[in-house]
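Right, one structure below, let's go through it.
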Amino acid sequence: MLDYARNAVLEWQHFRDSLAPEDSVSGVLSIYASITAIYSLLTETPLVFIAQHSLKHLDFSQVPLIVPQSGVARQRLNLWLKQQGVVPRISTEVSGNEALIAMVRLGAGVGIVPQLALERSPLRDEVRVVANAPKLAPYVVGLCAGKRNLKRPAVQAMWQLAATL
């Protein structure tokens, strides 16, 4: 039975190999993605300010802010606040977009998230985009890889495919 199984596996491998084009690439890719990146790869999305209810005026020195602990949105917000000479009233720091949206929904303050994350959030209908908020540079979702990984054929193929999108 063992000989039969080995032969069956070898025949299957030969058959599979005969079907594969010579220029095909195979292998395993390990991809890490944040929640925002999972929604849509290789795109650009605005950063939007959100609140529990519609706001007519947004005074960053008065309104409690819910901000990311780190990352692009936090860096862009910090830069804008510094340029405007505003000392913000930060009430909460969170480590993810969904947590930030949830805190806004609970009424803890105004937050900033990529629009793409808000559009895909199950809480999207329970918060409002602040219409008169400042426009910050958009959030870009993309791919990155270490130089060593870029030498792997499967990673090269993925990279080339992504470049065509």
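Nothing in this text is a laboratory measurement; each read-out follows from the coordinates by a stated rule. What you see is a predicted model, and the numbers here were worked out from it, not measured in a lab. Ideal geometry is used to build each Cβ from the backbone, glycine not excepted, and the neighbour counts take in all protein chains shown.
Between VAL25 and VAL140, what is the FRET efficiency for a Förster distance of 35 Å, r being their Cβ-Cβ separation, to the nearest 0.05?
E(calc), rounded to 0.05, equals 0.85.
Where the only charges are on Cβ atoms (+1 Lys, Arg; -1 Asp, Glu), what is the dipole of the chain about its Cα centre, to the nearest 20 debye?
So the dipole magnitude of the chain works out to roughly 700 debye.
To the nearest 10 degrees, how steep is helix 72-84 against the longest Cα principal axis of the chain, on a 0 to 90 scale?
The answer is roughly 30 degrees.
Which FRET efficiency, nearest 0.05, do THR43 and GLN69 yield, Cβ-Cβ r, R0 22 Å?
It comes to 0.40.
If N is the number of residues in the range 35-141, what value comes out of its Cα radius of gyration divided by 2.2 N^0.38 Å?
Relative to the rule-of-thumb radius for its length, the range 35-141 sits at 0.97.
Of GLY142, PRO153, ILE50, which is farthest towards the positive pole of the chain's charge dipole, taken about the Cα centre with +1 and -1 on the beta-carbons of Lys, Arg and Asp, Glu respectively?
Positive-end residue among those listed: ILE50.
Of the peptides 60-68, 24-32, how do they stack up when ordered by the mean number of other Cβ atoms within 10 Å, highest first?
Ranking the peptides 60-68, 24-32 by packing returns 60-68, 24-32.
Grab the DSSP H runs of the chain that are 4 residues or longer, score each as -39,500 (n - 2.57), total them, divide by all residues and round the 222 nm result to the nearest 500 deg cm²/dmol.
-11000 deg cm²/dmol
When ranked by the protection proxy of mean other Cβ atoms within 10 Å per residue, highest first, what sequence do the peptides 111-117, 100-106, 7-13 form?
Ranked from most to least packed, the peptides come out as 111-117, 100-106, 7-13.
Need the full-extension length gain, TRP12 to TYR32, defined as separation in residues times 0.36 nm minus the C-alpha distance. One decimal, nm.
4.0 nm
For the Cα atoms of the chain, what angle does the longest principal axis make with the long axis of helix 153-163, in degrees from 0 to 90, nearest 10?
Helix 153-163 sits roughly 40 degrees off the main axis of the chain.
Nearest 5 percent is fine: what portion of the DSSP beta bridges confined to the chain is antiparallel?
55
At a threshold of 8 angstrom on Cα-Cα distance, excluding pairs fewer than six apart, so keeping six or more, what relative contact order does the chain reach in percent?
RCO, the chain: 35 percent.
Taking the Cα atoms only, what angle lies between the long axis of helix 2-19 and the longest principal axis of the chain, rounded to 10 degrees?
Helix 2-19 and the main axis of the chain meet at about 70 degrees.
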